[in-house]
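Q: Okay, here's the structure, questions in a sec.
The values are calculated or read from the model by the stated rules, or taken from the named source; none is laboratory data. Quantities reported herein were computed from a predicted structural model and do not represent experimental measurements. In this analysis, Cβ positions are derived from the backbone assuming ideal geometry, glycine residues included, and neighbour counts consider all displayed protein chains. For the accessible areas, the whole protein counts, side chains as well, though only heavy atoms, and no ligand, DNA or RNA atoms are used. Shrake-Rupley method; radii C 1.70, N 1.55, O 1.52, S 1.80 Å.
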Amino acid sequence: MAPATVPLRPAKASKSAALKGDLAVPGDKSMSHRALMLGGLAAGETRITGLLEGEDVLATARAMQAMGAAIRKDGDSFIINGTGNGCLLAPEAALDFGNSGTGCRLIMGLVAPYDFETRFIGDASLCSRPMARVLDPLRLMGVQVQAEAGDRLPVTLRGPRTPAPISFRVPVASAQVKSAILLAGLNTPGLTTVIEPVPTRDHSERMLQAFGAALETETGADGARTIRLEGRGRLTGQVIDVPCDPSSAAFPLVAALIVQGSDLTLRNVLMNPARTGMILTLQDMGADIEILNRRSTGGEDVADLRVRASELSGVAVPAERAASMIDEYPVLAVAASFARGETVMQGLSELRVKESDRLATMARGLTLNGVDCTEGEDWLSVRGRPDGKGLGAPAADGIVATRLDHRIAMSFLVMGLASEHPVRIDDCALIATSFPGFMAMMNGIGAEMAEL
Ligand code: S3P
């Protein structure tokens, strides 16, 4: 069946006066998915505040409801009554994850040990993304997989009568793969082991422990992490307060750095060390970012960030930092477009399999908007123009193709705020997957951006 055509919603951003104010961006996407999954699975009541109400996360909520979790909203809180570990129900229809790789891949793991069929579908972007990275370890547990060529969606899974625990070394730096295996381990008897040579975000581990799972983590002398989970334990409902998403905060943060005279405070931002690579990199570039009021809530570090417009200089971003800022490279490339000298970003092969091929999509969009950049196999270099002269697209037909990628859309809108000419994108609809209300929030601090 041909996919339904949804009308595009083009948008434009133009050179803006100083951005000022105090913002709390929406809740962290990674934590929101996991809170719904574990709340939906745990016995008893889970209460979540700060949940991201973006399309990606709502797809996860619908999937958990389809498998027996009761989820309702009460004021600012989401209240979940879970099924109890091991007691998910077979969904009656296909689970539609829209644009969300995290929701889809983690729930593939969650249902893997169940002896019923689950069908996974998604939008054109999700259908083009590789699923073998999750399906291969699940096959080792005895899961039957029916998938389109190349292990793409639509995928149907059927778990074995007796799932077997695995010990698996994750071949790519991916929190989604690690988490899918751990979630599969929850309803598998015995010890499931995941070894990650390159540590990635650890929200699954932290939240599993908070819900009562028997999980242990050990870091070896070589930095590799081994995570062991004893399956079929009891999970108990929790109270979770989701802090603001650092990957969403990166957009107003970079906007404030590149728009002259800006002074912005971002409240309650998640500061998990596996997520702060972008802040380190911007500080290396000379960014004035003050980290205020550091505190810990619900087992995660948070802080307020005061950001002032800064003169940025190009840097070499080490490949080892990629996992801690993997979603921030598009907007880092925008910051680099306004920095003195060259910024070289390395170790970016994973960007090719995100919501779009982010290396190609960024390089094309930057070039269209007058930025001098070079795209390599797994790297990107950008030579900036601190005054923004010549950047942007003077002609109305200079429109960035966002390729169903929310972070590409937001990055180019941020770019337009400091460019000499406007920056136009073909579609802003997908921004709602991770940052509903983005344009209105940016307008509220003085940014000139609007739908066309
Ligand atoms: C995520 C992990 C990352 C990241 C994604 C969210 C998660 O993906 O890009 O936006 O919540 O586990 P990979 O695990 O594929 O690197």
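Q: From the P(r) of segment 360-452, can you give the percent of Cα pairs sitting at distances over 15 Å?
A: Values: 2543 of 4278 pairs.
So the portion of pairs separated by more than 15 Å is 59 percent.
Q: Next up: Residues of segment 178-193 with the amide nitrogen closer than 12 Å to a label point 7 Å from the Cα of residue 226, along Cα-to-Cβ, please.
A: Only 193 pass the distance filter.
Q: If you don't mind, there's one more thing I want to ask. Could you give the alpha-carbon Rg of segment 124-244 over 2.2 N^0.38 Å, rounded to two decimals?
A: Relative to the 2.2 N^0.38 Å estimate, segment 124-244 comes out at 1.10.
Q: Determine the distance separating the Cα centre of segment 194-229 from the Cα centre of segment 288-367; give it in Å without decimals.
A: 25
Q: Roughly how many nanometres apart are two label points built 7 Å out from the Cα toward the Cβ at residue 162 and residue 216?
A: Output for this residue pair reads 2.6 nm.
Q: Okay, next question. Step by step: find N for segment 1-88, compute 2.2 N^0.38 Å, then divide the Cα radius of gyration by it. What's the final number?
A: Ratio of Cα Rg to 2.2 N^0.38 Å: 1.46.
Q: OK, next. Quick one: 3J(HN,Hα) in Hz for segment 98-105, Karplus 6.51/-1.76/1.60 with θ = phi - 60°, rounded, Gly and Pro as x.
A: Residue by residue, segment 98-105 yields x, 9, 8, x, 5, x, 5, 5 Hz.
Q: Picking from 83, 330, 362, whose Cα lies most toward the positive end of the charge dipole for the chain (charges on Cβ: Lys, Arg +1; Asp, Glu -1)?
A: The residue sitting farthest along the positive end of the dipole is 83.
Q: Taking only protein heavy atoms into account and a 1.4 Å probe, give the accessible area per residue of the chain in Å².
A: Values: 16680 Å² over 452 residues.
Value returned for the chain: 37 Å² of accessible area per residue.
Q: Please give the solvent-accessible surface of residue 20 in Å², to the nearest 10, using a probe radius of 1.4 Å with every protein chain present.
A: 120
Q: Continuing with the same structure: With all protein chains present and a 1.4 Å probe, how do 162, 60, 297 order by accessible area, largest first?
A: Heavy-atom accessible area, descending, gives 162, 297, 60.
Q: Please report Rg over Rh for segment 29-241, where both radii come from the alpha carbon positions and Rh follows the Kirkwood definition.
A: Dividing the radius of gyration by the Kirkwood radius yields 0.93.
Q: Given a 1.4 angstrom probe, I'd like the percentage of the accessible area of the chain that is carbon and sulfur, rounded to a whole number.
A: 50
Q: Residue by residue through segment 334-349, what is 3J(HN,Hα) from phi via Karplus (6.51 cos²θ - 1.76 cosθ + 1.60, θ = phi - 60°)? Round to whole Hz and write x for glycine and proline.
A: 5, 4, 5, 5, 10, 9, 6, x, 9, 10, 10, 10, 10, x, 9, 4
Q: Still on this structure, please answer the following. What percent antiparallel are the DSSP beta bridges of the chain, to the nearest 5?
A: Rounded to the nearest five, the antiparallel share is 75 percent.
Q: Keeping all protein chains in place and using 1.4 angstrom, which order do 196, 311, 375 fall into by accessible surface area, from largest down?
A: Sorted descending by solvent-accessible area, the residues read 311, 375, 196.
Q: Would you tally the net charge around residue 264, using a Cβ to Cβ cut-off of less than 9 Å, leaving residue 264 out, and scoring K and R as +1, D and E as -1? Walk me through the intermediate numbers first.
A: On the way: positive: 20, 306, 308; negative: 22, 263.
Net of charged neighbours comes to +1.
Q: Just the accessible area for residue 372, please: 1.4 Å probe, Å², rounded to the nearest 10?
A: Around 80 Å² of this residue is reachable by solvent.
Q: How much length, in nm to one decimal, is gained on full extension between residue 239 and residue 349, taken as 0.36 nm per residue of separation minus their Cα-Cα distance?
A: 35.9 nm
Q: In bins 10 Å wide, starting from 0, what share of all Cα pairs of the chain does each bin hold, as a percent?
A: Whole-percent P(r) values from 0 Å outward: 5, 22, 32, 25, 13, 3, 0.
Q: Counting each DSSP H run of 4 or more residues in the chain as -39500 (n - 2.57), what helix-only mean residue ellipticity at 222 nm follows after dividing by all residues, to the nearest 500 deg cm²/dmol?
A: It lands at -8000 deg cm²/dmol.
Q: Also, quick follow-up: Structure shown: which of 20/73; 178/354; 12/73 lie over 27 Å apart, alpha-carbon to alpha-carbon?
A: 20/73; 12/73
Q: Can you pull the three principal axis extents for the Cα set of segment 184-337, in Å, largest first?
A: The principal-axis extents, from largest down, are 58, 34, 23 Å.
Q: Please report the spacing between the Cα centers of segment 386-411 and segment 75-144 in Å, no decimals.
A: 34
Q: Further question on the same structure: Quick one: accessible surface of residue 399, probe radius 1.4 Å, all protein chains present, in square angstrom to the nearest 10.
A: 80
Q: Taking amide H atoms as placed 1.01 Å from N in the peptide plane, list the residues 5 or more away in sequence, or in a different chain, whose amide H sits under 5 Å from that of residue 400.
A: 424, 425, 426
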